[in-house]
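Notes to accompany the following structure.
The values are calculated or read from the model by the stated rules, or taken from the named source; none is laboratory data. All values reported here derive from a predicted model rather than from experimental measurement. Here the Cβ positions follow ideal geometry from the backbone for every residue, glycine too, while neighbour counts run over all protein chains shown.
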Amino acid sequence: MARVALVTGGQRGIGAAISEQLQKAGRKVVASYAGNEAAAAAFTERTGIPTIKFDVSDFEACRNAVATIESEHGPIEILVNNAGITRDGTMKRMDRKMWDEVIDTNLGSCFNMCKLVWDGMNGRKFGRIVNIGSINGQAGQYGQVNYAAAKSGIHGFTKALAQEGAKVGITVNAIAPGYVDTEMVRAVPEEVLQKIIARIPRGRLGTADDIARSVCFLTADEADFITGSTVSVNGGQHMY
Ligand code: NDP
């Protein structure tokens, strides 16, 4: 039987590539989203992958969503915590709301989702969890104390939870993407983009598929001995 994989924020951007590659790898994928109905409808139309709308920062919403997914598709055996947001600003400009939104959506969501699938994975003695961190959680980034703290928190969360899962066949890993060619990055002015690319030893931006391939690798049944790792997928930009 195909293993059920839930990808949060899985209907566009990097998440869409992750959902599609997991589907190609034979997983029964469900993609979640926050509210972009047009992207969700187009994604399902194109791929046949079902979507479900809920706010990953809201524990009760996550509880209801996990119950719905598991009753419709079966137990979640692969969880990819990919949903994330930025609310950038220097300390002078950042307010408490910007801080809370980013911490709750990027990091709080990892607690919410892992907590809700944990007992099931323990009972079945199998689980694959991948949390999407960031190069900016490893190296920091000007104007992103909230995002860098949340992503750095994900890397620590991953190592701690991996220790709890190891005895029962649950692996927990993180991926730290560098600059990925997404809508957000494409909006950067060309001359700024060229300066960014000049700092990447590999000489190009990452693609969503670069990240998705790493997720497939870490969620394979055969990846049983890899846990607690943060895999940097950044073209050599930051060697940590
Ligand atoms: P996008 O902005 O393209 O997509 C974000 C996804 O997360 C969307 O599906 C969105 O849903 C969903 N989402 C946002 N907030 C919530 C919420 N509260 N509840 C549920 N879903 C939510 O992001 P990217 O593809 O660029 O990034 C994906 C991940 O990779 C993020 O964690 C990001 O931090 C990380 N990353 C990205 C990098 C890059 O260069 N792009 C670099 C390093 C890390 P909806 O469409 O409905 O809004």
| said: I'd like to check something: does the stretch 85-100 contain any residue that is surrounded by 22 or more Cβ atoms within 10 Å (Cβ to Cβ) and within 17 Å of the chain's Cα centre (by Cα)? | reply: no
| task | May I ask you to say which residue of 27, 46 is more than 8 Å from the ligand (Cβ to nearest atom) and without any contact (Cβ under 8 Å) to a residue 12 or more places away in the chain? | result | 46
| What are the pairs, 6+ residues apart or on separate chains, where a residue within the stretch 179-192 that is closer than 16 Å to residue 12 by Cα and among the acidic types (Asp, Glu) has its Cβ under 8 Å from a residue that is near the ligand (Cβ under 6 Å from one of its atoms) and modelled with pLDDT under 85? | none
| query | Within the set of pairs 6+ apart or on separate chains, which have a first residue in the stretch 58-72 that is basic (Lys, Arg), a second that is more than 13 Å from the ligand (Cβ to nearest atom), and C-beta atoms under 8 Å apart? | reply | 63/116
| message | Based on this model, can you work out whether residue 104 counts as among the charged types (D, E, K, R), within 10 Å of the ligand (Cβ to nearest atom) and either over 24 Å from residue 69 (Cβ atoms) or touching a residue at least 12 places away in the same chain (Cβ under 8 Å) (or both)? | response | yes
| query | Looking at this structure, is residue 110 within 23 Å of residue 141 (Cβ to Cβ) and touching a Leu at 6+ places or on another chain (Cβ under 9 Å)? | reply | yes
| Looking at the stretch 131-163, which of its residues are away from the ligand (no atom under 11 Å from the Cβ), farther than 21 Å from residue 196 by Cα and of a type in the set (A, V, I, L, M)? | 149, 160, 161, 162
| query | Residues in the stretch 113-130: is at least one within 16 Å of the ligand (Cβ to nearest atom) and polar (S, T, N, Q)? | reply | no
| message | Which condition from (1) more than 30 Å from residue 95 (Cβ to Cβ); (2) in contact with a helix residue (DSSP H, G or I) (Cβ under 7 Å, 6 or more places away or on another chain) is the one that residue 136 breaks? | response | (1)
| request: Please work out which one of (1) crowded, with 17+ Cβ neighbours inside 10 Å; (2) more than 14 Å from the ligand (Cβ to nearest atom); (3) at pLDDT below 95 is the condition residue 190 fails and give its number. | output: (1)
| query | Which members of the stretch 8-20 meet the condition of being more than 7 Å from the ligand (Cβ to nearest atom) and surrounded by fewer than 22 Cβ atoms within 10 Å (Cβ to Cβ)? | reply | 20
| Selection from the stretch 124-153 of residues that are aliphatic (A, V, I, L, M) and buried (at least 24 other Cβ atoms within 10 Å of the Cβ) | 129, 130, 132, 150
| task | Evaluate the following for residue 42: is it over 13 Å from the mean Cα position of the chain (by Cα) and surrounded by 14 or more Cβ atoms within 10 Å (Cβ to Cβ)? | result | yes
| note | Only one of 220, 212 is under 25 Å from residue 22 (Cα atoms), more than 16 Å from the ligand (Cβ to nearest atom) and not β-branched (Val, Ile, Thr), namely 220
